[in-house]
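Comments concern the structure below.
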Amino acid sequence: MNFCKKNILRRYKVSVLQYKMSLNRPLSPHLSIHKKVLTAVFSIFHRFTGICLSLGAILLSVWIILIALGPDYYSKYQALSSLIVFKIFLFLWTLTIFYHLYNGIRYLFWSYGKMMELSTVYKSGYVVIILSIISTMLVWISI
């Protein structure tokens with residue numbers, strides 16, 4: 001055994017670190033103590049809805065391909081589309097379309113330096129949510 005001073009100190013530091021880790025304290029307290037900023041949440045959801053729209057566009061392409069393949073494949077698609085899970089997915093996809101559209105318009109205003117006051121930023125965020133919900137409901141009521 002090596003009783004070098006460095007080894008003893010290293011083992012002590014490791015045992016202290018293991019003790020501190022066993023206290024079940026959060027590793028990143030900065031994530032849990034800060035208030036969520038509304039603009040950051042909207043920005044994250046804007047990116048998320050962009051990804052969802054891309055995935056939905058792929059499914060839309062599959063739908064067009066199934067139509068082109070003939071009635072047998074299209075009948076399988078119709079059976080799938082009659083499920084409630086599919087309709088929920090379409091409803092959420094419609095909501096993401098309108099949210100991404102209205103939030104993108106809000107970002108365009110910001111690009112020109114308009115509506116940058118903090119109170120206007122928060123109000124426009126709520127308007128985006130309300131318009132998205134209303135537009136989605138109007139589309140689904142009209143179907």
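Please work out how much length the chain gains when fully extended from residue 127 to residue 109, using 0.36 nm per residue of separation minus the C-alpha to C-alpha distance, in nm with one decimal.
Values: separation 18, 0.36 × 18 = 6.48 nm, distance 1.39 nm.
Length difference between fully extended and current span is 5.1 nm.
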Problem set entry | At R0 = 30 Å, FRET efficiency that the Cβ-Cβ distance of residue 141 and residue 51 yields, to 0.05 | 0.65
For this session: Mind giving me the nanometre distance, one decimal, between the label points for residue 61 and residue 116, set 7 Å out from Cα along Cα→Cβ?
Result: 3.8
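Please report the net charge: other residues with Cβ closer than 11 Å to the Cβ of residue 42, K and R +1, D and E -1.
Values: positive: 36, 47, 106; negative: none.
Residues close to residue 42 contribute a combined charge of +3.
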For this session: Name the residue farthest towards the positive end of the dipole of segment 37-142 from the options 112, 64, 136, assuming +1 on Cβ of Lys and Arg, -1 on Cβ of Asp and Glu, about the Cα centre.
Result: 112
Exercise. D for segment 97-143, whole µm²/s, Stokes-Einstein with Kirkwood Rh over alpha-carbon pairs at 10 °C and 1.306 mPa s: what number?
Worked result: 141
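A short reminder: the numbers here are calculations on the coordinates, not readings from a lab. All values derive from a computational prediction rather than experimental measurement. Heads up, the Cβs are rebuilt from the backbone with ideal geometry, glycines too, and the neighbour counts pull from every protein chain shown.
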